[in-house]
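K.L.:
Below is a structure I'd like to ask you about.
The values are calculated or read from the model by the stated rules, or taken from the named source; none is laboratory data. In this text the structure is predicted, and so the values were computed from the model without any measurement. For neighbour counting, all protein chains shown are included, and Cβ atoms are generated from backbone atoms with ideal geometry for every residue, glycine included. Just the protein is used for accessible areas: all its heavy atoms, side chains included, with ligands, DNA and RNA removed. Shrake-Rupley method; radii C 1.70, N 1.55, O 1.52, S 1.80 Å.
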Amino acid sequence: MSLLAVFLFSRYMENLWRMSPPLTDWTGLGIPTLILLVTALLVAAAALLTRVVDPKEDICLPGPPALPFLGTRWLFWSRYKMNKLHEAYEDMFRRYGPVFVERAPGGTAVVSIAERAALEAVLRTPAKRPYRPPTEIVQVYRRSRPDRYASTGLVNEQGEKWYHLRRNLTAELTSPHTMQGFIPELNNICDDFLNLLHSCRKPDGTVHGFDQLTNRMGLESVCGLMLGSRLGFLERCMSDRAATLATAVKAHFRAQRDSYYGAPLWKFAPTKLYKTFVRSEETIHTIVSDLMEEATMRMQGTAQDDGMQEIFMKILENPSLDMRDKKAAVIDFVTAGIETLANSLVFLLYLLSGRLDWQQKIRSELPNCEVLRAEEMAAAPAIRAATYEAFRLLPTAPFLARLLDVPMTISGHRLPAGTFVLAHTGAACRREENFWRATEYLPERWLRTREPHAASLVAPFGRGRRMCPGKRFVELELHLLLAKIMQRWKVQFDGELDIQFDFLLSPKSPVSLRLVEW
């Protein structure tokens, strides 16, 4: 079956199920049928080779129609755009209800959930070593490079190996004491970022390419936390190395997205997708390795602030870790931290731009001083409310992947252990049965609760033992950045923000907004 045939059949299926017109137009591509045929055969081979048949698995849930060999992935090649997957899942929840099943190539079930009770059952299930489906392209590449990687990393490992990495890598990063010690230097980093914004402002307050500046902020702060020293990413003219790293990180996330939702041809040949991923991974590895070496040399014979050095030194000095795991951990923390922080700040300011009254409330709660301590931040509940409401409406991670440790009954259907579940906490947070006026940005809901109010569904950093270890850091930095911006400017934004899915939710670049003097 050629992909052309698959496409024509998919159109037939759309008419059969009376679906709306596809979001993607494939006409005029002019791809030779022979190439499509070869591609389809490779996809079919991949599906047959990777299929795990379990005669006990019988998940009878509603969901989109599956095609032979391709499962339901044809939807992401014809109806939906891969960079709009968050919209695709919203559409499928409208069609099939809050719990539905997709089929991966080969027939493996992937259950998507946006129903409150089901989400809480999945996310609250206790497990000392919870299983999270790995990102396969990362796993394959890192296993092919034992010279660089002793494991596939904290995000992708499972079982005892994951537990070993978590125990030895995340204690300092998740410690309130560590974050408290980093606050003085974080004040300096935030001040440098505001100076950079000021230098980039037009006379009317417009800042073009704001998202690119937030990426630089992410680089400087995350590297400062993980490597224990300032690296100059917030200078007026960004270095080529910083620009290269930011580009590689973006390409890295997009390649992961395309490897999962696209045709799995990269498993059989070094496709353009796989080469793009390898280039991005190797670029990140090279740059971060250089930064680690420079940071180590800089520390030798110098006395720097303990808050800056604590995490880096604890990782380097840990005898229980292979040096390759130490380097991989810093790489993964830096990569994830840049995107999470930068995207969250853009989303927060975009949503807040429509609430001038809340901007004024934040400003009124802050003291008139440059250095903000933990005490001043704690006395400004409007900041926490604004941030948490942004997490609810626009989380950078709109769904969480889980593998069920034990059998579970969801919406009357029994799911066997090992079932791949996508917990769509983002979609659930926008449902009226879970939050009052669910689609509106209302920070006050976190200060004066009004039912319904399913606070446990807000999980932008995950839940339980698999929670992102950088949660405290990202929240602290967002609070501090928002406070300092509100002290100096009010934020305005024209039009709608174009949001896309790059394995994380992210704003489409470039983003422009206005920072106007009070």
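K.L.:
Apply the Karplus curve 6.51 cos²θ - 1.76 cosθ + 1.60, θ = phi - 60°, to the phi angles in region 63-72 and return the couplings in whole Hz, x for Gly and Pro.
P.N.:
Once θ is set to phi - 60°, the couplings for region 63-72 become x, x, x, 9, 9, x, 6, 8, x, 9 Hz.
K.L.:
Could you run the Karplus curve 6.51 cos²θ - 1.76 cosθ + 1.60 with θ = phi - 60° over region 386-398 and give me ³J(HN,Hα) per residue in whole Hz, x for Gly and Pro?
P.N.:
Each residue of region 386-398 in turn: 5, 5, 5, 5, 5, 4, 5, 7, 9, x, 5, 10, x Hz.
K.L.:
Separate question: Putting +1 on Lys and Arg Cβ atoms and -1 on Asp and Glu Cβ atoms, find which of Cys237, Gly218, Ala109 reaches farthest to the positive end of the dipole of the chain.
P.N.:
The one lying farthest along the dipole's positive direction is Ala109.
K.L.:
Quote the charge dipole size of region 50-517 about the Cα centre in Debye, to the nearest 20; the model charges only the Cβ of Lys and Arg (+1) and of Asp and Glu (-1). Write down the numbers at each step before the final one.
P.N.:
Numbers: 63 positive and 55 negative charges, 253 e Å.
The calculation lands at about 1220 debye.
K.L.:
With the crude spin-label approximation of a point 7 Å out along Cα→Cβ, what separation in nm comes out for Ser509 versus Thr409?
P.N.:
If labels sit at Ser509 and Thr409, their model points lie 5.0 nm apart.
K.L.:
Once the Cα gyration tensor of the chain is found, what semi-axes does its equivalent ellipsoid get, as square roots of 5 times the eigenvalues, in whole Å, sorted largest first?
P.N.:
With the √(5λ) rule applied to the chain, the semi-axes are 38, 28, 23 Å.
K.L.:
Compute the accessible area per residue over region 285-411, keeping the other protein chains in place, probe 1.4 Å, unit Å².
P.N.:
So region 285-411 comes to 40 Å² accessible per residue, rounded to a whole number.
K.L.:
Return the sequence-ordered ³J(HN,Hα) values of region 94-102 in whole Hz as given by the Karplus equation 6.51 cos²θ - 1.76 cosθ + 1.60 applied to θ = phi - 60°, using x for Gly and Pro.
P.N.:
5, 7, 10, x, x, 9, 9, 10, 9
K.L.:
What number, rounded to the nearest 500 deg cm²/dmol, is the helix-based mean residue ellipticity at 222 nm of the chain, given -39500 (n - 2.57) per DSSP H run of at least four residues and division by all its residues?
P.N.:
That comes out to -16500 deg cm²/dmol.
K.L.:
Work out the length of the dipole vector of region 226-355 about its Cα centre, built from +1 on the beta-carbon of each Lys and Arg and -1 on the beta-carbon of each Asp and Glu, and round it to the nearest 20 debye.
P.N.:
With Lys and Arg at +1 and Asp and Glu at -1, about 640 debye.
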